[in-house]
Amino acid sequence: MAELIVVRHGQASFGADNYDSLSQVGHEQARLAGDALRDMGWVPDRVITGTLTRQKETLESMGFRAGTPEEHPGFNEYDFHDLLHVRYAGDVPVAVKGERKTHFRTLRETIFEWQDGGIVGARETWAEFETRTGDALRFATKTDARRVLVVSSGGVIGQLVARALNAPVRMMMEVNLQVKNASFTRFVFKGDRFMLSEFNATPHLEFAGRADILTYS
């Protein structure tokens, strides 16, 4: 069986004008993630990211940019800014934008509504998100490579886990909210078989003195 490790990008710039870039902590998380894979002797023979800056910066800080990394937009996160904008008709409450607990509670509710066919007028429907993440998975696994590294985002990882487990639709978001920055989620695959092997592992962030760099956004 071949292996696919999906790494969530490092901490992005929550609350900043440009969310789509890594914070200083995010770069350090990514560096430690890359070191951990090399220490385990796990060096990819195929590397893929989405097209988002925070995903590309994570890969660069991991130190796996030898050659030309591939890109697939199906590994991009859903556009949560757009979903919230549509839900609130362009007037997103200040608390939703700036308070973490309020933001993620509201986001969870918004994704559930989106999955149910709501949030009409958003740039992407839930069905389109399902389709493109499925396309991205096929792109990554229809390969002769034995070790595939993907840098993606929490919502995509949640969807891939739910798909591998044949879980109810709601499970995507419940998993999404648990995914730590720079964590490893490992799948094994062969042909059409695609199975979850390890979820949300952060051995590189769990040493004494590193508690302050374990983050979820």
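The values are calculated or read from the model by the stated rules, or taken from the named source; none is laboratory data. Worth saying up front: this structure is predicted, and the values here are computed from it rather than measured. All Cβ positions, even for glycine, are placed from backbone atoms using ideal geometry, and neighbour counts span all protein chains on display.
Structure data summary
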quantity: Set E113, E109, E99: member being at pLDDT below 95 and acidic (D, E); calculated: E99
quantity: V47 vs. criteria β-branched (V, I, T), surrounded by 15 or more Cβ atoms within 10 Å (Cβ to Cβ) and in the same structural domain as L205 (by TED's automatic domain parsing); calculated: yes
quantity: Subset tally (residues that are within 13 Å of the chain's Cα centre (by Cα), β-branched (V, I, T) and assigned to a loop (DSSP other than H, G, I, E, B)) for region 9-64; calculated: 1
quantity: Residue in region 185-198 that is in contact with a helix residue (DSSP H, G or I) (Cβ under 6 Å, 6 or more places away or on another chain) and closer than 23 Å to E28 by Cβ present; calculated: yes
quantity: Residue among T131, T110, T125, T215 that alone is buried (at least 20 other Cβ atoms within 10 Å of the Cβ), out of contact with any strand residue (DSSP E or B) (no Cβ under 6 Å at 6 or more places or on another chain) and not small (G, A, S); calculated: T110
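This table checks each residue for (1) within 20 Å of D39 (Cα to Cα); (2) touching a Lys or Arg at 6+ places or on another chain (Cβ under 7 Å); (3) of a type outside the set (F, W, Y).
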| residue | (1), (2), (3) |
| --- | --- |
| W126 | no, no, no |
| N166 | no, no, yes |
| F187 | yes, no, no |
| A208 | yes, no, yes |
